[in-house]
Structures are given as C-alpha cells and as structure tokens.
Amino acid sequence: IPIMNPKNDWSQDEQGVVTIHMVHRGFYAAIAQKFFHRPKVSSIDLDDYGSFVWNIIDDKKDIHTLSQELDAHFPKMEKSLSRLIKFLEILKDHHLITYSEKLK
C-alpha cells in the first residue's frame, strides 16, 4: 500500500496538474544550498497519469486497486500496470512515498 510522505507538500492547479514541492533537508543539502546556490525546495510537475495516480493514493488502496482505477480512467493506456509500478518505484526512490503491507 503506497503512503505519501507527509514531509512533502503538494498543490494542484486548475487543469488538475499536481506539483510536488520537495524540501531538500540534511547536511549535504545545506552545503549545496549555501555554497552552490541550490534551491531549498524543488517543484516537480506530474503529467496527467502521474497526477491522477497521486490523487488516488489515499494510504488505504493497494497497488492492484490503484491499477484498476487507472485502467478505468485511462482505458486506452498500454502496459498500465508496469507503468504504474515504475512510477511508484520512482516516487519511492525520491522518498515521496513509502509502503505499508497492512490493509487499513
């Protein structure tokens, strides 16, 4: 079950595009910000598919349920399950989500 990381803020515009605001924390991030003028916050705009998936992650639905909702909303999408899994892997790699194995 994907769970959103509460440390990151996000917003949604009028067209439904989700923007995740990722705050860079930690020692190395502080050095990069101070000496290399890196931003404290990065904004990541998701595409239509990513925005849809982000909005249906509710900390209760498992990947199978998310996949079914994605298929229902985008019936012509090819390889939807593999695309969903890859997207969730990317979110996890960037610490935007974690996983829980318990059904709530």
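Key figures
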| item | result |
| --- | --- |
| Cross-link table K40/K92; K40/K60; K61/K86; K7/K92; K34/K92; K7/K61, entries beyond 22 Å C-alpha to C-alpha | K40/K60; K34/K92 |
| Packing-based ranking, highest mean first, of 74-84, 47-57 given that Cβ atoms within 10 Å are counted | 47-57, 74-84 |
| Ordering of 85-98, 30-43, 11-24 by burial proxy (mean other Cβ atoms within 10 Å per residue, highest first) | 85-98, 11-24, 30-43 |
| Partner aspartates and glutamates for K79 [C-alpha distance under 17 Å; skip if fewer than 8 residues away on the same chain] | D47, D48, E69, D71, E89 |
| Linear extension gain, H37 paired with F74, 0.36 nm per residue minus alpha-carbon span | 9.3 nm |
| Charge tally in the Cβ shell below 13 Å around L96, where Lys, Arg are +1 and Asp, Glu are -1, L96 excluded | -1 |
| Environment charge at I85 (Cβ cut-off 11 Å; Lys +1, Arg +1, Asp -1, Glu -1) | +3 |
| Values of log10 I(q)/I(0), in the order q = 0.12, 0.22, 0.23 Å⁻¹, for the chain under a Debye, Cα-only, solvent-free model | -0.46, -1.20, -1.27 |
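Throughout, read-outs are computed from the coordinates displayed, never taken from laboratory work. Computed from a prediction, not measured in an experiment: that's the story for all the values here. No Cβ is skipped: glycine too gets one built from the backbone with ideal geometry, and neighbour counts run over all protein chains shown.
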